[in-house]
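K.L.:
Dumping the structure here so I can ask a few things about it.
The values are calculated or read from the model by the stated rules, or taken from the named source; none is laboratory data. Just so we're clear, the structure is a prediction, and the values are computed from it rather than from any experiment. Reconstructed Cβ throughout: ideal geometry from the backbone, glycine too, with neighbour counts over all protein chains shown.
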Amino acid sequence: MLSIACLAIVALMSCTGNEANQQQTTVPATQQSAQVPVDATQPQAQTQAPAASAQSVPEAINAFVQQYFAGATITYVETDSEHGGIEYDVTLNDGTEIDFDRNNQWDNVDCHTKAIPTALVPQAIANYVKSNYQAILITKIDKDAYGYEIELSNGMDLKFDTSGRFLGIDD
């Protein structure tokens, strides 16, 4: 009986020793995987790479951002390739959202509460807003083949044709 107890103790000690060896061999792998987030391959993790986002857009888009939003950086990029080319939707570190068509030309700029850069607003539209809505900012501009729609800081949406002629208030 005593010999059985001694064998059991020896067996336990040898198992514990093996577990320690197994733990030692698995610890480096655990430490190594701890450096890489578990969900690094998930799509959510890919959207959390803002520093590399500016590098993932065409140079024309980077040049546009530098020209019209000096000092701003691209923090988020979303692409859409459903319409026969890649369209880019970028967000800047100040919250501005800019959509680019498949030719890397802007088609929508939303500065939310800040004024759109004046160089992006056709002169006829800028003149109309200045004459009719003094001290009101243009915070969003959307252009398409038919003209422009702008949003003012007071929440009003105005429609213009391609030459900047006022068409009406959009509901």
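K.L.:
Quick one: residue 162 ticks every box in (1) assigned to a loop (DSSP other than H, G, I, E, B); (2) of a type outside the set (Lys, Arg); (3) more than 27 Å from residue 56 (Cα to Cα); (4) in contact (Cβ under 8 Å) with a residue 24 or more places away in the chain bar one, so which box is it?
P.N.:
Just one mismatch for residue 162, condition (4).
K.L.:
Let me ask something else. Please count how many residues of segment 41-71 are touching a helix residue (DSSP H, G or I) at 6+ places or on another chain (Cβ under 7 Å) and at pLDDT 95 or above.
P.N.:
Looking only at that region, the number is 2.
K.L.:
Go through segment 153-171 residue by residue and tally those that are of a type in the set (Val, Ile, Thr) and more than 17 Å from residue 123 (Cα to Cα).
P.N.:
So the answer is 1.
K.L.:
Moving to a separate point now. How many of the residues making up segment 73-97 are touching a Ser or Thr at 6+ places or on another chain (Cβ under 7 Å) and assigned to a loop (DSSP other than H, G, I, E, B)?
P.N.:
So the answer is 2.
K.L.:
Given the structure, is residue 119 exposed (fewer than 15 other Cβ atoms within 10 Å of the Cβ), hydrophobic (A, V, I, L, M, F, W, C) and either assigned by TED's automatic domain parsing to the domain that holds residue 92 or without any contact (Cβ under 8 Å) to a residue 12 or more places away in the chain (or both)?
P.N.:
So residue 119 does not fit the description; no.
K.L.:
Does residue 141 satisfy the condition of being of a type in the set (A, V, I, L, M, F, W, C) and assigned to a strand (DSSP E or B)?
P.N.:
yes
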